[in-house]
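Q: Below you will find the structure I want to go over with you.
Each value in this text was obtained by applying a stated rule to the coordinates, not by laboratory testing. Every value quoted in this text rests on a predicted model; they were computed, and no experiment measured them. Every residue, glycine among them, receives a Cβ derived from its backbone with ideal geometry; neighbour counts consider all protein chains shown.
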Amino acid sequence: MTALTNPLTPVADQSVTNKSRSLWQEALRRLIRNRGALTGGIIIILLVLTAIFADVIAPYTFEKQSLLNANAVPTWITRLFPSLKPYAVINEQYPIGADKLGRDLFSRIIYGTRVSLAVAFIGPIISLIIGVIYGSISGFFGGRVDNIMMRIVDVLYAFPGLLFIILLMAFFRTTLAQPEEGTFSYYLGQLDSKFGGLLFIMIGIGLTGWETQARLTRGQVLSVREKEYIEAARSIGATNWRIMFRHILPNILGPLIVLETLSIPGYIYTEAFLSFIGLGVNPPTPSWGSMISDGSRALRAYPNQALFPALALAVTMFAFNFLGDGLRDALEPRLRGTQE
Amino acid sequence: MTNYILRRLLYMLVVLFVVSGITFILMHAVPGGPFDREKKLPPEIQANKEKYYHLDDPLYVQFFSYLSRVAIPRVTTIAPTLRTDDDYLINLKMGDYWLKWMNFGPSYTSRNRTVNDIFREQLPVSFQLGMIALTIAVVIGMPLGIMSALNHNKWPDYVGMGVAIFGVSVPTIVLGPILVWIFGVLLQWLPPTGWGAKPPFFLGLFPKALSWDYFKFAILPAFVLGFGSSAVIARLTRASMLQVIREDYIRTARAKGLREQMVVMRHALKNALIPVVTIVGPLFAGLVTGTFVTELVFGIPGLGKYFVTSISNRDYPVIMGTILLYAVFLVLSNLLVDIVYAILDPRIRYN
């Protein structure tokens, strides 16, 4: 038996890795050929660079106030929005104007990139980890475990998501606002305020975003669980863990990544929305959502204060949507043309 | 089928029980109470108020008495009164007896108002907004999807899917202020905020008169709300249409020499719409629950505002009521979809 399997194993292994690598390379090639996805990717890279080098690019810091220049606008803005002319304080030093506290809008939008991108990259990781672990346990063990775990997901599905996340945020924000020093919640609160309130947003998104991922993972695990190579792995004595992580996960990764990429705009929007209603990042940390909220209160007088952050948010969501669509076409070529 | 529906309804009760349990635990875990103020009330008054609303009972007593008030119908000889703790959503007179059902409790923060008052006056506004938005979503989404599928990989397809990507990428808080600025401020064609119908409503849900004075308030928010969903519908319609159009029976229909219009309308569309119907249910629930972002942007007096303020006010009955209401919407619309699905597709049998 050993004589048979030993020479065979490396060969089989090699062919598998070769094939899978070329599969990913093929996907990458398809992705780059897709013009929409490429544009989206380039915009995202630019956004990442903006976020990293925000200190260099932004002419001011995001919190520097100048009350003399409250609501100031440069001349070209007054030409673009003729309605605001009689009110405006003209100051050319602000590229797209200042907000009601005299903080530079442009700099705040630049720094706001950090918040949105942090959510865009960490949100999916949290929901991927929870969802994949939950879904693969459910699918892998099947039977009663599967039944109970999926019923739990069903119940969570009945929760109105946005309301649930608001409730969660209120819970986090007030419970951990002034905790006693030395307790666990104190350190959590410290960590959160260090990130400008982002930590709880991430936790909230992670806690509400994983159910779809769990369902998909379970379905995928179920579909490959009975395949012959799993049986082969089991027959040579591989442990459940090993089968799960070496044999099942790599084979179902494609659809999971596609789903996560496509849900990124949703995460970005959730953060912007939470900041819009005042449960998001702590001021003065700039978030596009809170800027839109502030700006839309002065929409009649100073439309530039809401429109530019809105534009930034829309462009970012566009980029992630295009990339996600392209990624789906690239990773699941069977769906190409039938699904968009 | 009846069996299936009954089982689903039973299951729905379980789901609602769990949802109310989690919400109850979560909202009581948030520190502070409904009567905490910046300037503290004298402790006797505070205690009195809490006693009046039974907030001094153990939590599990509060929870189960709330559930029994909401869920269990009661039969009494006492006619409905105007007291805030005696306001039932359903009051039926049967001879000498009154059947009262669904008491969601008083609101703690607005005196003289009950959660049922909020349901009567604010919910219809959200409901109307959701309905109009759904109509807009279907009216834009389906033709867009069909057009894209029939012109697969030609320019109408690209335009259609471009609009769809635009729809999913431009959220309410972006599109809302922009449209308000263009149509409300710059052109002044439409009012930037407000809603065109006031309570009492026709049948408790619908506006009394449908006129321009009503719709001019509804157009912008409903479009903003429905546009994102129209993108979802367009993509799904296109995908399912593309799949159906490659089926053998379409080829057969063409081979019979049917006109293309007939093939598309009678044979392809009917089957392609089945998956689309399944998404309309969750979409509708999402639209009704999602209205509250739109309500904030457009200053519409709907349910959404109450939910957000009720959380910061610790107005427990309002929080429970709104979450339960939305959950009922979600579960019921899913059930409805499954039933419609079975009617549309005779191959599906629920046992």
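Q: Mean-square fluctuation check for chain A, GNM, Cα pairs under 10 Å: which of A:Thr239, A:Thr261, A:Thr39 is largest?
A: Of the options given, A:Thr239 has the highest mean-square fluctuation.
Q: Quick one, could you list the DSSP H helices from chain A stretching 24 Å or more along their long axis (Cα atoms) with average Kyte-Doolittle hydropathy of -1.0 or above? Before the final figure, lay out the partial values.
A: On the way: long enough: A:2-33 (47 Å, -0.47); A:35-52 (26 Å, 2.13); A:105-141 (53 Å, 1.61); A:198-225 (38 Å, 0.64); A:249-276 (40 Å, 1.10); A:304-331 (40 Å, 0.92).
The answer, listed by residue number, is A:2-33, A:35-52, A:105-141, A:198-225, A:249-276, A:304-331.
Q: With each run of n ≥ 4 DSSP H residues scored as -39500 (n - 2.57), what mean residue ellipticity at 222 nm is computed for chain B after dividing by its residue count and rounding to the nearest 500 deg cm²/dmol?
A: Details: 12 runs with 221 residues, N = 351.
About -21500 deg cm²/dmol.
Q: Determine the distance separating the Cα centre of segment B:246-293 from the Cα centre of segment B:66-127; give it in Å without decimals.
A: When both Cα centres are located, 42 Å separates them.
Q: Averaged across the residues of A:150-161, what count of C-beta atoms belonging to other chains lies within 10 Å of each residue's C-beta? Working shown, then result.
A: Details: counts 0, 4, 1, 0, 6, 11, 4, 5, 14, 9, 16, 5.
Whole-number average of other-chain Cβ neighbours for A:150-161 is 6.
Q: Over chain A, what lengths in whole Å, largest first, do the semi-axes of the equivalent ellipsoid take, defined as the square roots of 5 times the eigenvalues of the alpha-carbon gyration tensor?
A: On the way: eigenvalues 423, 121, 57 Å².
Values for chain A, descending: 46, 25, 17 Å.
Q: Name the chymotrypsin sites (Phe, Trp or Tyr not before Pro) in segment B:152-248 that are in a loop by DSSP and that have at most 12 other C-beta atoms within 10 Å, would you?
A: Details: sites: B:Tyr158, B:Phe166, B:Trp181, B:Phe183, B:Trp189, B:Trp195, B:Phe201, B:Phe202, B:Trp212, B:Tyr214, B:Phe215, B:Phe217, B:Phe223, B:Phe227; in loops: B:Trp189, B:Trp195, B:Phe201.
Loop-located and lightly packed - B:Trp189.
Q: Return the average number of partner chain Cβ atoms within 10 angstrom of each residue Cβ along peptide A:299-310.
A: Values: counts 8, 6, 1, 0, 7, 0, 1, 7, 4, 0, 3, 9.
Counting Cβ atoms of other protein chains within 10 Å of each residue's Cβ and averaging gives 4.
Q: Hey, another quick one. Student exercise: in chain A, how many lysine pairs 8 or more apart or on different chains have Cα atoms under 22 Å apart?
A: Numbers: A:Lys19/A:Lys227; A:Lys64/A:Lys100; A:Lys64/A:Lys194; A:Lys85/A:Lys100.
Here the count comes out as 4.
Q: Dimensions of segment B:43-88 along principal axes (Cα, Å, largest first)?
A: 37, 24, 13
Q: Mind checking which lysines have their Cα closer than 19 Å to the Cα of B:Lys198? Skip sequence neighbours fewer than 8 apart in that chain.
A: B:Lys208, B:Lys216, B:Lys305
Q: When all C-alpha to C-alpha distances in segment B:182-240 are sorted into bins of 5 Å, what percent of pairs does each bin hold, rounded to whole numbers?
A: P(r) for segment B:182-240, in whole percents per bin: 4, 16, 18, 18, 15, 13, 11, 5, 1.
Q: With a bin width of 5 angstrom, please list the P(r) values of segment B:75-134 as percents of all Cα-Cα pairs, from the 0 bin to the one holding the largest distance.
A: The calculated distribution, bin by bin, is 4, 18, 21, 18, 15, 12, 8, 3, 1.
Q: Anyone know which of A:Gly324, A:Gly206, A:Gly143 comes out most mobile in the 10 Å Cα GNM of chain A?
A: Evaluated over chain A, the most mobile residue of the options is A:Gly143.
Q: Any chance you could give the angle, 0 to 90 degrees and rounded to 10, that helix B:123-150 forms with the longest Cα principal axis of chain B?
A: The helix B:123-150 is inclined about 20 degrees to chain B.
Q: Given a cut-off of 17 Å, what percent of all Cα-Cα pairs of segment B:23-166 lie beyond it? Intermediate results must be reported in sequence, preceding the final value.
A: Numbers: 7708 of 10296 pairs.
Of all Cα-Cα distances in segment B:23-166, 75 percent exceed 17 Å.
Q: Also, I was wondering about something else. Enter the angle in degrees (range 0 to 90, nearest 10) between the Cα long axis of helix B:303-313 and the first principal axis of the Cα atoms of chain B, meaning the one along which they spread out most.
A: Here the helix axis deviates by roughly 40 degrees.
Q: Given the DSSP H assignment, sum -39500 (n - 2.57) over each helix run of at least 4 residues in chain A and divide by its residue total; what's the result at 222 nm in deg cm²/dmol, nearest 500? Kindly include the intermediate steps, with their values, before the conclusion.
A: Working: 13 runs with 240 residues, N = 340.
Roughly -24000 deg cm²/dmol at 222 nm, from the helical runs in chain A.
Q: Sort largest first and round to whole Å: the equivalent ellipsoid semi-axes of segment A:41-134, each the square root of five times a Cα gyration tensor eigenvalue.
A: Details: eigenvalues 245, 35, 33 Å².
Each semi-axis is the square root of five times an eigenvalue, giving 35, 13, 13 Å.
Q: Right, another one. For chain A, what is the relative contact order in percent, using Cα pairs closer than 8 Å and at least 6 residues apart in sequence? Could the numbers behind the result be given before it?
A: On the way: 434 pairs, mean separation 83.4, N = 340.
Value for chain A: 25 percent.
Q: Could you calculate the FRET efficiency of A:Leu253 with A:Lys64 from 1/(1 + (r/R0)^6), where r is the beta carbon distance between them and R0 is 45 Å, rounded to 0.05? Write down the numbers at each step before the final one.
A: Working: r = 45 Å, r/R0 = 1.00.
Efficiency, from the Cβ-Cβ distance: 0.50.
Q: With only alpha-carbon pairs counted, each pair once and no self-pairs, how large is the Kirkwood hydrodynamic radius of the protein assembly as shown in angstroms? Can you show the working numbers first?
A: Working: mean 1/r = 0.0356 Å⁻¹.
This gives a value of 28.1 Å.
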